[in-house]
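Worksheet: one structure, shown below.
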Amino acid sequence: MLRPIPLFSLLGVQTTITPLGIASFVIAAGGLAGLANAWSGLPVGQALLGGALGALAMFISEWLHQMGHAVAARRTGYPMRAMQFGSLLAVSQYPADEPELPARTHIQRALGGFWINLLIGLFLAPYAFFAAFQGGAVAWAIGFTAFYNGIVLGLGALAPIDLPGVLTTDGATLLRYWRKTTDG
């Protein structure tokens, strides 16, 4: 297995990416370029730029989401140590020797990410609307970024999806630990 590539560290949180993570963003850039061309009729060069900007926005948006978790985790006294991009989404990494934590702590940490993306989506929505009249790659990227933050990483993070070893959303974490607070 190939080792993760360290990117940078901020606020005590190391960000890494795996080769599969890099490939995921390259593929996403191509897919987004195809969508920009098909849906907006952007010429190939503009569509490629729109796809690249969209993939960059996906990375930054997910990074901000994870940093929201990191700040929330720090406030609980059980901080996040790293995030790793193994695909388009990053995984929060906590210390291996972390003790069993109360449900309330898990809930607080899980609530740290979605609201950042929701705010970004809401902030960008009017810009996306007006930029659409101008057209072009940047306008397409702004619209995509508003949608991706508001719907996918904002509201979508609250959907209770739990596929062990594949994907566990914040919503699934919230539901699991909320049940623990009401069971006893």
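The values are calculated or read from the model by the stated rules, or taken from the named source; none is laboratory data. Because the structure is a prediction, the values reported are computed rather than measured. As a convention, Cβ positions derive from the backbone with ideal geometry for all residues, glycine included, and neighbour counts pool all protein chains shown. Only protein heavy atoms, including side chains, enter the accessible area calculation; ligands, DNA and RNA are left aside. Shrake-Rupley method; radii C 1.70, N 1.55, O 1.52, S 1.80 Å.
Taking segment 94-142 on its own, how many of its residues are under 16 Å from the mean Cα position of the chain (by Cα), over 30 Å from A47 (Cβ atoms), surrounded by fewer than 19 Cβ atoms within 10 Å (Cβ to Cβ) and free of Cβ contacts under 8 Å to residues at least 60 places away in the same chain?
1
On the given criteria, is L155 under 13 Å from the mean Cα position of the chain (by Cα), at pLDDT 95 or above, open to solvent by 50 Å² or more (accessible area, probe 1.4 Å) and closer than 30 Å to Q46 by Cβ?
Taking the combined requirement at face value, the residue satisfies it.
Of all strands (runs of 3 or more DSSP E) completely enclosed by segment 1-98, which ones contain at least 1 residues that are of a type in the set (A, V, I, L, M) and modelled with pLDDT under 95? Don't jump to the end; show me each part of the working.
Numbers: elements: 5-10, 13-17, 82-85, 90-93.
Once the strands (runs of 3 or more DSSP E) in segment 1-98 are filtered for at least 1 residues that are of a type in the set (A, V, I, L, M) and modelled with pLDDT under 95, what remains is 90-93.
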